[in-house]
Structure formats: structure tokens, C-alpha cells
Amino acid sequence: MSILIKGATLPDGTTTDVLVRDGQIAEVGVSTGSTSSGEADQTIDAGGLRLLPGLVDLHTHLREPGREAAETVLTGSRAAAVGGYTAVLAMANTNPVTDTAEAAERVFDLGRAAGLVDVQPVGAVTKGLAGEELAELGLMARSRAKVRVFSDDGKCVHDPRVMRRALEYVKPFGGVVSQHSQDPALAGPTACCHEGELSGRLGLPGWPGIAEEVIVARDVMLARHTGSRVHVAHVSTAGSVEVLRWAKAQGIDVTAEVTPHHLLLTTELLSGYDPTFKVNPPLRPDEDVAALREALADGTIDAVATDHAPHARHDKEHSFVDAAFGMLGLETALSVVTTVMVEGGLLDWAGVARVMSANPARIAGLEGHGRPIAVGEPANLTLVDPAAQVVVDRAASVSLSRNNPWHDRKLTGRVIATLLRGRPTVLEGALL
Ligand SMILES: NC(=O)N[C@@H](CC(=O)O)C(=O)O
Ligand SMILES: [Zn+2]
Ligand SMILES: [Zn+2]
């Protein structure tokens, strides 16, 4: 099977034809109207569109097993494909937790059966996410699922001794610990929004940026001490950015991600007490948002990761204090990044390819993803209309959940097509 992508603009700005055959990129720069186009089984007119390497999400919650009313591997894979993703890292906080080789292989197999994106399981750092005993890190790494990213996400690996051991353990096989940085003692058990002037006014228990920053600071020192690799999940404060900038300048092996929502949404949205905007870490004030954008632009933050966190109505439709933390993100991430970073003049398209594909693939050690658009590479590709204006409609989502903070928002940029190893999963913006 062959597809000719005609007249696409690559991340570097070159406009060319790209011929995809048997799952690979067969030709780049095929001259328009050449015989190759006649030979292709299918042609996609990509005039005015950007062709990117398939997007890679370092942080997705797929909810299967355990909370299939919120999302399954199949429905989450659909949302990922629509969002332009060809690979997603599935977080371990399912029920049961992904803390064994068997559990990791099960998620991996469900992903392959769905066949829309490569679902790469994240392994838990500790058994049952309890923060005490290390999970079967080595067995998960050696399993068919080849787990490389480990995280207790949803919970912080709080005990420094456990964190140190985990870092030492994953080092020999090139693993990485993705940390949900939140000191439980500083955040407090009831905190549900950013601690600041607004939390006081709304009467909501807040949690301060420092609860994140002390863990980021501790972990970069543990990374230095162990010579191992730490990844900071969903960075949300200017203080964390400062620590990361310092750590990178020292040559410490640390990487970091920011979510689309922390790049655009702020605390002000909580004034209506709508639990759709309740998320962990919480939405922060303008100053933090500005620091996160700048850090993503200058490389202090390596990647955009969605933290797609679907929740069923019975978990989300409660009073603000009682509702579950988390919001959808897979289907809208590219549009948010286009709006904030490209329209905002902070990143060009080569930059978008870097933070949404190349860097996340490298951090996760994923082969065949995040590669340059070049002959011989696997044809994991995303075609984007950079000028499309979209109004997000939560009813149109292919996710099982409706906790969509982008509902009714006008954004720029839209995914037109996604190809997984040369096979379209999305065409003309719709799932195949
Ligand atoms: N982000 C969230 O608010 N919630 C996540 C957990 C997490 O990422 O910490 C979830 O699993 O629902
Ligand atoms: Zn988290
Ligand atoms: Zn998460």
C-alpha cells in the first residue's frame, strides 16, 4: 500500500511530496506530477498543511483495567489518533496498578489489539503505588512490553530513600523515573486548587507552588547523586522552572514536561466552581503560565505531555471539593500548542515537532517514533492545518468522558491526518 502526500510543508519549512510505501517513508521530494504520484494507491492533497513526525504523548491515563466507564485502551487510542498521536505512554494508576510484567504486557497487548497508536505502558515505581516497596522494575523492563518509564503518577514517590533506590535500579537499563512532584505534607490532604489570593476568596483549600518545587529540587539532586535520569511530570510553577534551569546548566540528567492546560488556563477559571477545571497540579496564576511558556520555548522544559485524565460523570460531577482531579487533553493538545506557542511567536514548527514528538520519544526510549521525515524511517506521521480555526465541542469527542476544559473555546490548528506505520488512522480530521 502506498500513499502520496502531495505538497506538504515539512517542519523546517520545505514544501515537498512525500511517498509512503509499506509502512515506511519511501521518497521525499518526489517532484510534483512525477510518475510516483501515478503509482500511489492513494493521494492526500497536503497543500498548505504541515507534515510532522507522529506526536508522542509521555503522559496519558487510559483507565483500563479498572475504570472502563471513563476510558478504555481502545477509546483512549481513538482520542490519541484524532489528536495526531502515534504513540502514548499509558500511566500505571489503573486498577490493578501496572506494577508487574504481566500487567504491563496486558496493557501493551490491548494497545496492539486496538491498533491505532502504539500504547507503551508506564510501570509503577512502587507496588500498588503505595510508595513503600519497589515494584518489579527489572521484570517489567525485560518483559515483552519493554517498560522504560516508571511512575507512581497520581502520587508522589515521597520517600527519598525509595526514590534513590528506584533511580539506581533503572539506571543500568536506561530507564527513567517520571515524578509527580507534590510533597503531600505541604500540599495537605484536602487541597484542591492553587494556594493564593483566589483560593482565599473562594474558600477552597489551596496548595502552594512550593509543594511541587521542593520535590523537583530534591529529585534533581538525587539524579545528580545517582547519575540516573529523572523526568518531571506536569511542571506547573515558575519556581520549578528555575530549579530545572539550574539543574540543566549543571549537566544533571533531568527532563520535564508541561501540559497544554498549564500553558493556557489559569486559576481565574475556578471562580465558577466548575470541577471541569479541577486538576492536579492545579491551574496556576498568569506569572507561572508565562514562565512555563518561556521554558518550553528555550528548552528548559523538553516536552508537551497531555496528562489526559478522563473521568466518568459519577466521579467528576460533584461539588468542587469532592470531584476527581483531571481533564481531557489528547484531542486538543496540538491546537493548544499551535495557539499558544506558534501563534504566540514562541515556537516554530520545527520546535513543535521537537517538543511533541522527537523529545518525548527520546525521553521514553521509544523506537520508530519522533524520527525525522526522511527516507527509510517508519511512516509515523501527522498532517496539520496550521491555520484552521476550531471551536471545541465536548460532545464531538471520541473519548468516553466529557471533562473537557476546552469546550466552546476557539483555537487555531487542527489535525487533518494521522498515519501509523503508513496506515491512516485519521483522514480529513475524522477517525477511520
Ligand atoms: N492529573 C490529574 O488531575 N489526575 C490524574 C493523576 C495525575 O496526573 O496526577 C488522574 O489519574 O486522574
Ligand atoms: Zn500527576
Ligand atoms: Zn497524570
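The values are calculated or read from the model by the stated rules, or taken from the named source; none is laboratory data. Quantities reported herein were computed from a predicted structural model and do not represent experimental measurements. Backbone-built Cβ (ideal geometry, glycine too); neighbour counts: all protein chains shown.
Here are the numbers for this structure:
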| item | result |
| --- | --- |
| Residues within segment 248-273 that are within 16 Å of ligand 2 (Cβ to nearest atom) and charged (D, E, K, R), tallied | 1 |
| Residue list for segment 322-339, filter: farther than 20 Å from K155 by Cβ and outside any loop (DSSP other than H, G, I, E, B) | A333, L334, S335, V336, V337, T338, T339 |
| From the options S240, S228, residue that is over 14 Å from the mean Cα position of the chain (by Cα), hydroxyl-bearing (S, T, Y) and within 16 Å of ligand 2 (Cβ to nearest atom) | S240 |
| Answer from G370, G329, G376 - the residue that is touching a residue at least 60 places away in the same chain (Cβ under 8 Å), touching a strand residue (DSSP E or B) at 6+ places or on another chain (Cβ under 8 Å) and surrounded by fewer than 17 Cβ atoms within 10 Å (Cβ to Cβ) | G376 |
| Which numbered condition Q179 misses (of (1) touching a residue at least 40 places away in the same chain (Cβ under 8 Å); (2) more than 16 Å from ligand 1 (Cβ to nearest atom)) | (2) |
| Within segment 245-256, tally of residues that are touching a residue at least 40 places away in the same chain (Cβ under 8 Å), away from ligand 3 (no atom under 16 Å from the Cβ) and either in contact with a Gly (Cβ under 6 Å, 6 or more places away or on another chain) or under 18 Å from V214 (Cβ atoms) (or both) | 1 |
| Spans of helices (runs of 4 or more DSSP H) in segment 175-275 with at least 3 residues crowded, with 23+ Cβ neighbours inside 10 Å | 210-226, 238-249, 260-264 |
| Filter result for the condition that a residue is more than 16 Å from ligand 2 (Cβ to nearest atom), of a type in the set (D, E, K, R) and within 16 Å of I301 (Cβ to Cβ), over R148, R164, R245, R201 | R245 |
| Residue within segment 291-298 that is in contact (Cβ under 8 Å) with a residue 24 or more places away in the chain, more than 11 Å from H262 (Cα to Cα), buried (at least 20 other Cβ atoms within 10 Å of the Cβ) and within 16 Å of ligand 1 (Cβ to nearest atom) present | no |
| Pair list, Cβ < 8 Å and 6+ apart or interchain, from segment 83-102 residues that are within 30 Å of E377 (Cβ to Cβ) and within 16 Å of ligand 1 (Cβ to nearest atom) to residues that are assigned to a strand (DSSP E or B) and charged (D, E, K, R) | V88/D57; V88/D118; L89/D57 |
| Residue check for S77: of a type in the set (S, T, Y), at negative phi, at pLDDT below 95 and more than 16 Å from ligand 1 (Cβ to nearest atom) | no |
| Options R371, R362: the member that is within 23 Å of H180 (Cβ to Cβ) and out of contact with any His (no Cβ under 7 Å at 6 or more places or on another chain) | R362 |
| Qualifying residue in segment 127-135 (condition: more than 16 Å from ligand 2 (Cβ to nearest atom), basic (K, R) and assigned by TED's automatic domain parsing to the domain that holds H262) | yes |
| Per-region count, segment 121-157, residues within 16 Å of ligand 1 (Cβ to nearest atom) and buried (at least 17 other Cβ atoms within 10 Å of the Cβ) | 17 |
| Test: residue in segment 135-150 that is part of a strand (DSSP E or B), at pLDDT 95 or above, within 16 Å of ligand 3 (Cβ to nearest atom) and closer than 15 Å to R218 by Cβ | no |
| Exclusive hit being more than 14 Å from ligand 3 (Cβ to nearest atom) and either farther than 30 Å from T72 by Cβ or not acidic (D, E) (or both), set E242, E212 | E242 |
| Helices (runs of 4 or more DSSP H) completely within segment 1-117 that count 1 or more residues being in the same structural domain as D348 (by TED's automatic domain parsing) | 73-82, 101-114 |
